[in-house]
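Pasting a structure here, questions to come.
The values are calculated or read from the model by the stated rules, or taken from the named source; none is laboratory data. Please read all numbers here as calculations on a predicted model, not as lab measurements. Don't worry about glycine lacking a Cβ; one is built from the backbone with ideal geometry, like all the others, and counts go over all protein chains shown.
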Amino acid sequence: MVVVMAAEASEADVQAVVTLVETAGGEAFVSRGVNRTIVGLVGDVEQFGALNLRGMAGVRDVVRISVPYKLVSRENHPDRSVVRVGGVPIGPETMTLIAGPCAVETPEQTLEAAQMAQAAGATLLRGGAFKPRTSPYAFQGLGEKGLRILADVRSETGMPIVTEVVDAHDVELVSSYADMLQVGTRNMQNFALLQAVGGAGKPVMLKRGFNATIEEWLMAAEYIAQRGNLDIVLCERGIRTFEKATRNTLDISAVPVAQGLSHLPVIIDPSHSGGHRELVLPLTRAAIAVGADGVIIDVHPHPEQALCDGPQALVNGDLRELAKTVRELPPLVNRTLTRA
């Protein structure tokens, strides 16, 4: 069960609901989005029904939710949400391009990649300062040095930063630099990390685990929402199958399925799903056609020298075609490209 607070509800109104529920033996979790506050209730639903929550000051509605992911479900919020990252919207009616280097290597490489991405129409800058890698011998990222480079590039270009956090202990540090926190596929069910980013006060991009069902993905989002953060963007980045021709298998159907089940925006990562440069543009076109709210793409000025995922990074010729794609295709599905 969730209590939907009215837009004009005060903090005292919210606290009164929490106090009443806790006095009745239940638990109440307050989640705040851009446009509204909701209170998720855990406990005896029948007992909650006797509390006359609808009659309390500041309460707009009380909704009984049948699915386990109550806060992120369409049952709770029939209208699809818009998440703003440094003022840039991600959600219905727009198509947002997020692009930049998979890994931050040098100030020069990061700035050049950001400028290439921006010229192609990107309004958000992706870049990894912390890199969880399958091999312990692979490049793990520059850490805080990489975050400082991203902050300098943001000052130069005006592009808000999307960057990954891999450990709950680093959430405060990464939040001090980032505009959006990314939780990667390997950490989708790192519940301590999900709870930490949920309480950080920053928008979160949650990538689907490569072995995860859609319900497990939405339950992971619920961990973030339950800690007070509804500004979550889901990212489909490919799942593991028996197919070896691509790095992962892009589950294109996950976009309309997740959008039907949840009010959260859903984007696609064509770089990590395909794993090959020549697949990124076709998968981007598929993402736009199926109704994705955005795409996140790897860009590198010299991919042959990249320390991470060079074979999938786009270069200038590819970016010209990408710019044409994100300019021409979204209007065909009643969307507009997000502009700075």
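Among the listed residues Val174, Val162, Val153, identify the single one that is more than 23 Å from Asp318 (Cβ to Cβ) and touching a residue at least 12 places away in the same chain (Cβ under 8 Å).
Val174
Could you tell me how many of the residues in segment 296-340 are hydrophobic (A, V, I, L, M, F, W, C) and more than 23 Å from His276 (Cβ to Cβ)?
Total satisfying the criteria: 4.
Could you please give the count of residues in segment 1-59 that are within 19 Å of Tyr223 (Cβ to Cβ), in contact (Cβ under 8 Å) with a residue 60 or more places away in the chain and among the aliphatic types (A, V, I, L, M)?
Residues that pass the stated criteria total 4.
Same structure, new question: Looking at (1) surrounded by fewer than 17 Cβ atoms within 10 Å (Cβ to Cβ); (2) assigned to a loop (DSSP other than H, G, I, E, B), which is the only condition Lys131 fails?
(1)
Can you pull out the residues in segment 294-340 that are more than 15 Å from Met159 (Cβ to Cβ) and among the hydroxyl-bearing types (Ser, Thr, Tyr)?
Thr325, Thr336
Right, Arg80: in contact with a Pro (Cβ under 7 Å, 6 or more places away or on another chain), surrounded by fewer than 19 Cβ atoms within 10 Å (Cβ to Cβ) and closer than 26 Å to Pro330 by Cα or not?
Here the answer is yes, as Arg80 does meet what is asked.
Let me ask you something else. Quick one: which of Gln259, Gln195 is crowded, with 18+ Cβ neighbours inside 10 Å, within 16 Å of the chain's Cα centre (by Cα) and not aromatic (Phe, Trp, Tyr)?
Within the list Gln259, Gln195, the selection yields Gln259.
For segment 265-297, give me each residue that is farther than 22 Å from Val83 by Cα, aliphatic (A, V, I, L, M) and surrounded by fewer than 24 Cβ atoms within 10 Å (Cβ to Cβ).
Leu279, Leu281, Leu283, Ala286, listed by residue number.
Okay, next question. Quick check on my filter: what residues within segment 8-32 are at pLDDT below 85 and either surrounded by fewer than 20 Cβ atoms within 10 Å (Cβ to Cβ) or farther than 25 Å from Val85 by Cα (or both)?
The answer is Arg32, and nothing else.
Considering (1) among the hydrophobic types (A, V, I, L, M, F, W, C); (2) assigned to a loop (DSSP other than H, G, I, E, B); (3) under 26 Å from Gly317 (Cβ atoms); (4) touching a residue at least 12 places away in the same chain (Cβ under 8 Å), say which one Ala245 fails and leave the rest.
It is condition (4) that Ala245 fails.
Here's something else I'd like to know. Need the failing condition index for Pro282 against (1) more than 26 Å from Val2 (Cα to Cα); (2) within 19 Å of the chain's Cα centre (by Cα), just the number.
So the condition that Pro282 fails would be (2).
Could you list, in sequence order, the residues of segment 282-321 that are farther than 12 Å from Pro270 by Cα, in contact (Cβ under 8 Å) with a residue 60 or more places away in the chain and in a helix (DSSP H, G or I)?
If the condition is that a residue be farther than 12 Å from Pro270 by Cα, in contact (Cβ under 8 Å) with a residue 60 or more places away in the chain and in a helix (DSSP H, G or I), then Asn316, Leu319, Arg320 are the ones that fit.
Given the condition at pLDDT 95 or above, under 20 Å from Glu93 (Cα atoms), in the same structural domain as Arg126 (by TED's automatic domain parsing) and surrounded by 24 or more Cβ atoms within 10 Å (Cβ to Cβ), answer yes or no: does some residue in segment 298-312 qualify?
no
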